[in-house]
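The next block holds one structure in the form of C-alpha cells; read it before the comments.
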Amino acid sequence: MLGPDQRITAEEGLKSITIWGAYQHFEEKQKGSLEPGKLADMVVLSDDPLKVDPMKIADIKVLQTIKEGVSVYKVGAN
C-alpha cells in the first residue's frame, strides 16, 4: 500500500510530465515549458492543480487542449 512517504506533490507531478519529461527525452529546447520559440502544447483546466485539495485533483476537467499553437479540443465545440 502506498503511504505518505511515497507521494509526490502536485508541483512535482506537473513537472514530471512537462519540464522533466521533455528533459528526459532530450526535447527541453522545444517542449516542457512555455517560452518563446517552443511548441505551444498545453491544456486549459477547470481548476488549478496546485491550489485544490489534492484529493480533488482527479476531478479537474480539461476545458481546452492546444497542440503546436492550434486548439485541437475545446469543451462545447463540435
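The values are calculated or read from the model by the stated rules, or taken from the named source; none is laboratory data. Being a predicted model, the structure only gives us computed values, none of them experimental. Quick note on the areas: whole protein, heavy atoms, side chains included, nothing else; ligands and nucleic acids left out. Shrake-Rupley method; radii C 1.70, N 1.55, O 1.52, S 1.80 Å.
For LYS67, a cut-off of 17 angstrom between C-alpha atoms picks up these lysines, skipping any fewer than 8 places away in its own chain: LYS29, LYS31, LYS38. For LEU63, the residues whose modelled amide H falls within less than 5 Å of its own, excluding neighbours fewer than 5 places apart on the same chain, are VAL44, LEU45, SER46. Surface composition of the range 1-67: carbon and sulfur atoms hold 60% of the protein heavy-atom accessible area at a 1.4 Å probe. The share of C-alpha pairs in the chain whose separation exceeds 14 Å stands at 70 percent. Averaged over its residues, the chain has an accessible area of 85 Å² per residue, based on protein heavy atoms and a 1.4 Å probe.
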